[in-house]
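Below is one structure, written out as structure tokens; comments come after it.
The values are calculated or read from the model by the stated rules, or taken from the named source; none is laboratory data. Model, not experiment: these values are computed from the prediction. Note that each Cβ is placed from the backbone with ideal geometry, even for glycine, and that neighbours are counted across all protein chains shown. Surface areas here come from the heavy atoms of the whole protein model, side chains and all, with no ligands, DNA or RNA. Shrake-Rupley method; radii C 1.70, N 1.55, O 1.52, S 1.80 Å.
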Amino acid sequence: MRHDAPPRLALDLGAPPPVPEEAIAAAEALLRGGWLHRYGETLGDSSDAARLEEEFAAGLGARYCVGVNSCGSAMFLALYTSGVQPGDRVLMNGFTLSPVPGAIAHAGAQPVVVEVTQDLVIDIEDLARKAEASGARHLLLSHMRGHIADMDRLMALCNERGLTVIEDCAHTMGARWAGHPTGRFGRAGCFSLQSYKHVNAGEGGLLATDDADLAARAILASGSYMLYGQHRARPPEEVFARWKDVTPNFSLRLSNLAAALARPQLRLLAERARVWNDRHARLATLLGAIPGIRLPHRPQQEEHVQSSIQFAVPGLDAEGFRRFLAGCRSRGVFLKWFGAEAAEGYTSAPRHWRFLHESQSPPRTAAVLAQLCDMRIPLTLTEADCATIGLVVGDELAAARTP
Ligand SMILES: *Cc1c(COP(=O)(O)O)cnc(C)c1O
């Protein structure tokens, strides 16, 4: 058999989802009117931001939704309005992105990092131990890269201990556990509209909750001035009356432009989820068949929306990982690795968060992350691209093992 140049992926795995035409048209109409700020003294309650909140709350089955400028801001506001005080301890899982410990730090609190399992979800036994030892009253649970913990067991433990759960759903917009949407288990769910999540508005965040006091405080603190009545998915006036004079304005507002871009994409979410999950399933089959690669186990109750794929390469050392990644990247397959010495791109691990008051790197999480690779799944990835990725990863892993 003649051997041509080794196969190479032509598509950019780092590219964000293109903005659909309806969203471009909505943004253009908004620009022509000039109403880029979501409030106006003579404006009613029909801004794109107010409509997006209403549509998002309805889709999720939540009473209230508050738009802000990022998911990181949504998480900070959820903690703040849930009563986290400076100096408090807040539990979090160790496999996540830096805005999670950042949101806790923003609230003046101290993260307590909980172990994750080989399947990339929070270790519920370690959560019970650390809840007991720390006296924390909040858990900021990150469904990192779309991996959802056993929410039945987790919520049973948290309810028993009186732990309030705030969910980071940056990677689980559209995902469910046993039929219930993520973001609906805890007191509040926080979602991202950043380009690399499930809806590309550039920047933005959504906080969903059924808690009227939390919602009113979040609206006021996000920077609504006295125009909070222009929110549609908001609690009644008497709730605002309790909070409006005692809530500081942190100016974390959602831009109307981001909302105009997000609304049409929200309607495309189910179709996007279908494409992502199809490509993920193909890649999981191909990568899972490569000797030396382990994929996390996915429980049957989990209905994920998988816009990225994670796999472990047990036994490969740091030098091997560097060769493997360099080999894949030279053939267009941009893999990321959570085991790098320094935080890189969007990947970081607990030992990189040196801004924490007490530096913490739980050992089992460090061992899991040291083996873990990560790859984005662009919506434009074709079936043929999946096959190419399988070939490249197989070849380059074999090559990395035999220097
Ligand atoms: C991106 C991300 C966030 C924060 O989202 P922003 O909108 O960028 O603030 C939070 N958690 C995880 C796991 C993320 O990947």
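Here are a few things to note about the model shown:
Residue-by-condition table, conditions (1) assigned to a loop (DSSP other than H, G, I, E, B); (2) in contact with a Leu (Cβ under 7 Å, 6 or more places away or on another chain); (3) within 16 Å of the ligand (Cβ to nearest atom); (4) of a type outside the set (Lys, Arg):
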residue: 113; (1), (2), (3), (4): no, no, yes, yes
residue: 120; (1), (2), (3), (4): yes, no, yes, yes
residue: 128; (1), (2), (3), (4): no, yes, no, yes
residue: 136; (1), (2), (3), (4): yes, yes, no, yes
residue: 141; (1), (2), (3), (4): no, no, yes, yes
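- Looking only at segment 203-225, and only at residues there that are open to solvent by 40 Å² or more (accessible area, probe 1.4 Å) and at pLDDT 95 or above, the one that is nearest to residue 107 (Cα to Cα): 217
- Criterion applied to 87, 40, 44 was being of a type in the set (Gly, Ala, Ser), modelled with pLDDT of 95 or more, outside any helix (DSSP H, G or I) and surrounded by fewer than 24 Cβ atoms within 10 Å (Cβ to Cβ), and the one residue passing it is 87.
- Evaluation of residue 104 against the conditions (1) away from the ligand (no atom under 13 Å from the Cβ); (2) more than 16 Å from residue 183 (Cβ to Cβ); (3) of a type in the set (A, V, I, L, M); (4) open to solvent by less than 10 Å² (accessible area, probe 1.4 Å) shows that the sole unmet condition is (1).
- Hits in segment 2-29 - residues which are open to solvent by 60 Å² or more (accessible area, probe 1.4 Å), part of a helix (DSSP H, G or I) and either at pLDDT below 90 or more than 15 Å from residue 268 (Cα to Cα) (or both): 28, 29
- Subset of segment 139-162 [farther than 25 Å from residue 376 by Cβ and open to solvent by less than 10 Å² (accessible area, probe 1.4 Å)]: 139, 151, 154, 158
- Test result for residue 310, open to solvent by 30 Å² or more (accessible area, probe 1.4 Å), touching a residue at least 40 places away in the same chain (Cβ under 8 Å) and within 15 Å of residue 94 (Cβ to Cβ): no
- Sole exception among (1) under 30 Å from residue 303 (Cβ atoms); (2) open to solvent by 40 Å² or more (accessible area, probe 1.4 Å); (3) within 16 Å of the ligand (Cβ to nearest atom) for residue 251, by number: (1)
- Filtering segment 80-101 to residues that are in contact with a Leu (Cβ under 7 Å, 6 or more places away or on another chain) and within 14 Å of the ligand (Cβ to nearest atom) leaves 92, 93, 95, 100, 101.
- Filter result for residue 275 (touching a residue at least 40 places away in the same chain (Cβ under 8 Å) and either farther than 27 Å from residue 296 by Cβ or open to solvent by less than 50 Å² (accessible area, probe 1.4 Å) (or both)): yes
- Residue pairs whose Cβ atoms lie under 8 Å apart, sitting 6 or more positions apart in sequence or on different chains, and linking a residue in segment 107-130 that is more than 25 Å from residue 314 (Cα to Cα) to a partner that is part of a helix (DSSP H, G or I) and of a type outside the set (A, V, I, L, M), are 107/76; 107/80; 111/101; 112/130; 112/134; 128/161.
- So residue 161, is it touching a residue at least 12 places away in the same chain (Cβ under 8 Å) and of a type in the set (Lys, Arg): yes
- Some residue of segment 315-335 being free of Cβ contacts under 8 Å to residues at least 60 places away in the same chain, closer than 27 Å to residue 169 by Cα and open to solvent by 60 Å² or more (accessible area, probe 1.4 Å): no
- Within segment 356-385, the set of residues being of a type in the set (D, E, K, R) and under 13 Å from residue 311 (Cβ atoms) comprises 374 only.
- Hits in segment 146-199 - residues which are within 16 Å of residue 72 (Cα to Cα) and not hydrophobic (A, V, I, L, M, F, W, C): 167, 168, 171, 172, 183, 189, 192, 194, 195, 196, 197, 198
- Among residues of segment 56-84 that are in a strand (DSSP E or B), those with a Cβ under 7 angstrom from a residue that is of a type in the set (Phe, Trp, Tyr), sequence gap 6+ or separate chain, pair up as 65/56.
- Yes/no for residue 265 being closer than 18 Å to residue 196 by Cα and part of a helix (DSSP H, G or I): yes
- Residues located in segment 352-403, provided they are in a helix (DSSP H, G or I), open to solvent by 60 Å² or more (accessible area, probe 1.4 Å) and more than 16 Å from residue 293 (Cα to Cα): 363, 364, 383, 384
- Residue that is farthest from the ligand (Cβ to nearest atom) [pool: residues in segment 177-196 that are closer than 20 Å to residue 157 by Cβ and open to solvent by 10 Å² or more (accessible area, probe 1.4 Å)]: 178
- Within segment 279-297, the set of residues being more than 25 Å from residue 402 (Cα to Cα) and either β-branched (Val, Ile, Thr) or surrounded by fewer than 18 Cβ atoms within 10 Å (Cβ to Cβ) (or both) comprises 281, 297.
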